[in-house]
Each structure stands twice: as structure tokens, then as C-alpha cells.
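Remarks on the structure that follows.
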Amino acid sequence: SFAKDVIALYNYMKDSYVSWHRKAIVVMGLIYFISPIDTIPDIAPLIGYLDDLGVITALIKFLGSELIPYYDSKYRK
């Protein structure tokens, strides 16, 4: 689910073994997600959030197998 993906991203960011440039990619995606300046403005009901969701989904797909270990319960606190 999307919530599990977000938790895995959070765990990924907390890992000190993940390189800074991989973390920078995640940060850029999150900045786009929270930024009021979007391709499709968030003021448009429902449609405005689709590009944000697309960026996060693309980010998760880009990281792919790197995220798999971060779904594990050992990273949950």
C-alpha cells in the first residue's frame, strides 16, 4: 500500500549506509510533493494531487529493489 511505501522511504532515509545522493533524490521528490508550485496546482480538486502522487510513485519505482529491505519490521520503531 502507499502508506507502507512511505514508511519504507522514511526507513530508507534514516539508514546511515544509504548514500547522500540517493537521499537527495528522495528529498527532491518530497519537496515537490509539499511545494505549492506544481505542474497541476493542488487547488484543483483531486486532479491537483495526482501529479504529487505520481512523483512519489515514480520515486518508489526508481528506487525499486533498494527499498525492499526497508519494508521489514526491523526498521519499524
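The values are calculated or read from the model by the stated rules, or taken from the named source; none is laboratory data. As the structure is a computational prediction, the values presented were derived from the model and not from experiment. In this analysis, Cβ positions are derived from the backbone assuming ideal geometry, glycine residues included, and neighbour counts consider all displayed protein chains.
Numbers below:
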item	result
Helices (runs of 4 or more DSSP H) enclosed by the chain - at least 2 residues per element that are touching a Pro at 6+ places or on another chain (Cβ under 7 Å) and at pLDDT below 80	none
Criterion: surrounded by 10 or more Cβ atoms within 10 Å (Cβ to Cβ), over 12 Å from the mean Cα position of the chain (by Cα) and touching a residue at least 60 places away in the same chain (Cβ under 8 Å) - qualifying residue of Y70, Y49	Y70
Residue within the range 14-37 that is of a type outside the set (A, V, I, L, M, F, W, C), within 21 Å of A3 (Cβ to Cβ) and touching a residue at least 40 places away in the same chain (Cβ under 8 Å) present	yes
